[in-house]
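Have a look at the structure below before the remarks.
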Amino acid sequence: MLKKREQWGSKIGFILAAAGSAIGLGNIWKFPYIAGENGGAAFVLVYLVFILLIGTPVLIAEILLGRETQRNSIGAFKQLASNKLWMIVGGMGILAGFVILSFYSIIGGWAVGYVVEAINGTFASFETPEASGDLFGQLIGNAKWVIGMHTIFFGLVMSLVYFGVKRGIEFGSKILMPLLFVILVILMIRGITLEGAEAGLNFMFKPDWSKITGDSILIALGHAFFTLSLGMGAMLTYGSYMPEDSDITIASLQIVFLDTLIAIMAGIAIFTAVFASGLVPGSGPGLIFQTLPIVFAEMPGGYIFGILFFLLLSIAAVTSAISLLEVVVAYFVDELNWSRKKAVFIFGGIIYLVGIPSGLSFNLLSDYTFNGLNFFDLADFLASNILLPLGGLLISIFVAWIWGFEKAIPALLKGATKMSHNNMVLMSWKFFLKFVAPVFIFIIFLHSIGLF
Ligand code: PFF
């Protein structure tokens, strides 16, 4: 017997929590650095096309599966599929949640650690740009610092998930998301008004197509999934706490809009600052940690902006990380009747431990690589570029071809407003989910393993 499930306290509560899951390190830390490594504007455009053509239809499908079944990622397939093999898609999602959260918490920890550095006024003492890179290298090279910060970040995430859907996740997101937006607007205006900001804007908006390779296409696809928290049941789980009288299509469009807006705003804030200070955009996962402190060191009010920025990054990371842990917890609470507390402590504890090798990839274990990838890179690659798009491929096939639109459309229209009843809207969703998403993902996979 299922216990009475929790629900979001309001419609806006769902939007904020789902946007809180989508908007995270992916938008602020990862998007600028992978755009920087993959040539800027052309990559940004490919990513935007994937968000629109693949991400949005799959997001609607995923939230729909959750709301219709009111179950977790495995339970949803158990309920709707006659072939129980489909439960593997949910299981893969739980695995992806484990893997992503383990390395996500390491970067979340860096962000928290940088709040402390900002408060201590460390950035102001930089005499040369190299000083910032040195500080970054020194911090992440210190296993105690990395694991200590990982512990603090993880503790925060576990306590929020422990308090449950309404009190923990929704309350957190309701206050934190608007705050995040305001701080980002300030930073973006600051960036645009810096001298030399134009080069940053050109880098982000003037495409150079020669920079696009097969690899960068797979990275853009993986990132479209990662940034929307798609392909692993996180949005399915959040959708399962959604009441029947809400419009899934509109909610999805709002989430996509907010997520994309924040990524573009973060890109503008970061690239204008990077170029204005004569720095390089392709410096990898350290991009924001190495370059922005220099900018803060030099700009008026930099002390406050530095604190605000890293606080914002930590906040965004926490609201995403709670959705990753929630995917795992929801399964054990729903299907195996565990108490929330037990699930949070046991699985939180295990994922925390799995995160340790990722944290040590930058110091004690840096010599251990596989195909040139350390443990951290490997976890990111496996989850973001393989598990999530594969999950998205299977979710689109399941909804469009197995469960079928005869059932999916009436389910989608429950609680839908007039706009979502519009034939064009419905036809496009069907077309993109049935053909475009699976075919594109499949082709990109074949391409990335060198099949053509
Ligand atoms: N969307 C988050 C981000 O952009 O940082 C990361 C993420 C959260 C991915 C939840 C997947 C997920 F299920």
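The values are calculated or read from the model by the stated rules, or taken from the named source; none is laboratory data. Treat the numbers as computed from the prediction; the structure is a model and nothing was measured. Positions of Cβ are generated from backbone atoms using ideal geometry, with glycine treated the same way; all protein chains shown enter the neighbour counts.
Quick check: anything in region 211-227 of a type in the set (Lys, Arg), surrounded by fewer than 21 Cβ atoms within 10 Å (Cβ to Cβ) and farther than 29 Å from Ser361 by Cβ? Looking for residues that are of a type in the set (Lys, Arg), surrounded by fewer than 21 Cβ atoms within 10 Å (Cβ to Cβ) and farther than 29 Å from Ser361 by Cβ, one finds none in region 211-227, hence no. Within region 316-337, identify whether any single residue is in contact with a helix residue (DSSP H, G or I) (Cβ under 9 Å, 6 or more places away or on another chain), surrounded by fewer than 19 Cβ atoms within 10 Å (Cβ to Cβ) and among the charged types (D, E, K, R), and answer yes or no. Yes, some residue in region 316-337 is in contact with a helix residue (DSSP H, G or I) (Cβ under 9 Å, 6 or more places away or on another chain), surrounded by fewer than 19 Cβ atoms within 10 Å (Cβ to Cβ) and among the charged types (D, E, K, R). Going through (1) out of contact with any Leu (no Cβ under 9 Å at 6 or more places or on another chain); (2) charged (D, E, K, R); (3) touching a residue at least 40 places away in the same chain (Cβ under 8 Å) one by one, Lys144 falls short only on (3).
Please verify whether Ser173 is of a type in the set (Ser, Thr, Tyr), under 23 Å from Phe381 (Cβ atoms) and surrounded by 16 or more Cβ atoms within 10 Å (Cβ to Cβ), treating the condition exactly as stated.
Details: of a type in the set (Ser, Thr, Tyr): yes; under 23 Å from Phe381 (Cβ atoms): no; surrounded by 16 or more Cβ atoms within 10 Å (Cβ to Cβ): yes.
Criteria not met by Ser173.
From the list Ala437, Ala400, the one residue that fits, being more than 30 Å from Phe103 (Cβ to Cβ) and surrounded by 20 or more Cβ atoms within 10 Å (Cβ to Cβ), is Ala400.
Considering (1) buried (at least 16 other Cβ atoms within 10 Å of the Cβ); (2) outside any helix (DSSP H, G or I), the lone condition that Met92 does not fulfil carries the number (2).
Met299 meets each of the listed conditions (1) buried (at least 19 other Cβ atoms within 10 Å of the Cβ); (2) aliphatic (A, V, I, L, M); (3) modelled with pLDDT under 90 apart from (1).
Please find, among Leu382, Leu360, Leu394, Leu365, the residue that is surrounded by 15 or more Cβ atoms within 10 Å (Cβ to Cβ) and closer than 30 Å to Thr249 by Cβ.
Working: Leu382 fails: closer than 30 Å to Thr249 by Cβ; Leu360 fails: closer than 30 Å to Thr249 by Cβ; Leu365 fails: closer than 30 Å to Thr249 by Cβ.
Unique residue meeting the criteria: Leu394.
When Gly121 is tested against (1) at negative phi; (2) modelled with pLDDT of 95 or more; (3) surrounded by fewer than 18 Cβ atoms within 10 Å (Cβ to Cβ), exactly one condition is not met: (1).
Over 16 Å from Val116 (Cα atoms), modelled with pLDDT of 90 or more and of a type in the set (Val, Ile, Thr): is that true of Val256 in this structure?
Details: over 16 Å from Val116 (Cα atoms): yes; modelled with pLDDT of 90 or more: yes; of a type in the set (Val, Ile, Thr): yes.
Yes.
Whether a residue is in contact with an Asp or Glu (Cβ under 8 Å, 6 or more places away or on another chain), more than 15 Å from the ligand (Cβ to nearest atom) and within 25 Å of Tyr331 (Cβ to Cβ) was assessed, and Gly75 passes this test. For the residues Ala42, Ala18, the requirement of being crowded, with 24+ Cβ neighbours inside 10 Å, assigned to a helix (DSSP H, G or I) and on the phi < 0 side of the Ramachandran plot singles out Ala18. Cβ-Cβ distances below 6 Å connect no pair with a first residue in region 357-372 that is closer than 18 Å to Gly137 by Cα, a second residue that is in a strand (DSSP E or B) and modelled with pLDDT under 90, and a separation of six or more residues or different chains. If you go through region 405-434 one residue at a time, how many are in a helix (DSSP H, G or I) and surrounded by 12 or more Cβ atoms within 10 Å (Cβ to Cβ)? Looking only at that region, the number is 18.
Looking at Val146, Val182, Val116, Val161, just one residue is within 16 Å of the ligand (Cβ to nearest atom), assigned to a helix (DSSP H, G or I) and among the hydrophobic types (A, V, I, L, M, F, W, C), and that residue is Val161.
Remark: pairs (first residue in region 10-27, within 18 Å of Ile248 (Cβ to Cβ) and modelled with pLDDT of 85 or more; second residue part of a loop (DSSP other than H, G, I, E, B) and not β-branched (Val, Ile, Thr); Cβ separation under 6 Å; 6+ apart in sequence or on different chains) = Ser21/Ser229; Ala22/Leu228; Ala22/Ser229. Number of residues in region 216-260 that are within 13 Å of the ligand (Cβ to nearest atom), outside any loop (DSSP other than H, G, I, E, B) and not aromatic (Phe, Trp, Tyr) equals 14.
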